[in-house]
1. Where residues in segment 23-36 are more than 22 Å from the chain's Cα centre (by Cα) and within 16 Å of Leu52 (Cβ to Cβ), which of them is most open to solvent (accessible area, probe 1.4 Å)?
2. Identify, from the list Pro94, Pro98, the residue that is in contact with a helix residue (DSSP H, G or I) (Cβ under 9 Å, 6 or more places away or on another chain) and farther than 24 Å from Arg16 by Cα.
3. Criterion first (farther than 17 Å from Asp8 by Cα, open to solvent by less than 50 Å² (accessible area, probe 1.4 Å) and polar (S, T, N, Q)) does Ser39 satisfy it?
4. Please state which one of Lys81, Lys74, Lys102, Lys47 is open to solvent by 40 Å² or more (accessible area, probe 1.4 Å) and either in contact with a Lys or Arg (Cβ under 9 Å, 6 or more places away or on another chain) or touching a residue at least 12 places away in the same chain (Cβ under 8 Å) (or both).
5. For the structure I just gave you, tell me whether Leu109 is more than 26 Å from Ala17 (Cα to Cα) and under 21 Å from the mean Cα position of the chain (by Cα).
6. Among the residues in segment 109-123, are any open to solvent by 90 Å² or more (accessible area, probe 1.4 Å), at pLDDT below 95 and not aromatic (Phe, Trp, Tyr)?
Amino acid sequence: GSEMCIRDSFTHPAYRALAENILNVGFQASNWPQAVNDSLEDESLRKLQLSLIVEEVLAQPSEDYATAYVARLKLITTNRKLANLRSKLQRLNPVQNPKEHKDLFAQLLTLETDRRRYQAESLGVEE
């Protein structure tokens, strides 16, 4: 689901670990940043969280902003998966491996559909 996609969106180990921790703690309306900080065992992750907390917010936080932001994360991950899949397809001989080629091509079509949806969502456009 969405949580897995969010986890997959972070390729840097520190950001990924912080995202994992945030998802594990869950959202709490009161004192949420402190709850996340208290659950972190690694001091470098605490410093990373603090630097992200004090970073200037580029837009007024809202449900629409969050939806668009998560869509951008999904778009980045989907683009990465598409690049890897295209690379595999280019190296695969469709005559020698027709089933595998067909399966990979079907995955490519699904990812392209997802990419278009995430692109629209990231811009705040309803399909």
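1. Only one residue tops the list, namely Gln34.
2. Result of the check over Pro94, Pro98: Pro94.
3. yes
4. Just one listed residue meets the conditions, Lys81.
5. Yes; evaluated as a whole, the condition is true for this residue.
6. yes
The values are calculated or read from the model by the stated rules, or taken from the named source; none is laboratory data. Bear in mind the structure is a predicted one, so any value in this text is a computation, not a measurement. Positions of Cβ are generated from backbone atoms using ideal geometry, with glycine treated the same way; all protein chains shown enter the neighbour counts. Just so you know, the surface numbers come from the protein's heavy atoms only, side chains and all, with ligands and any DNA or RNA stripped out. Shrake-Rupley method; radii C 1.70, N 1.55, O 1.52, S 1.80 Å.
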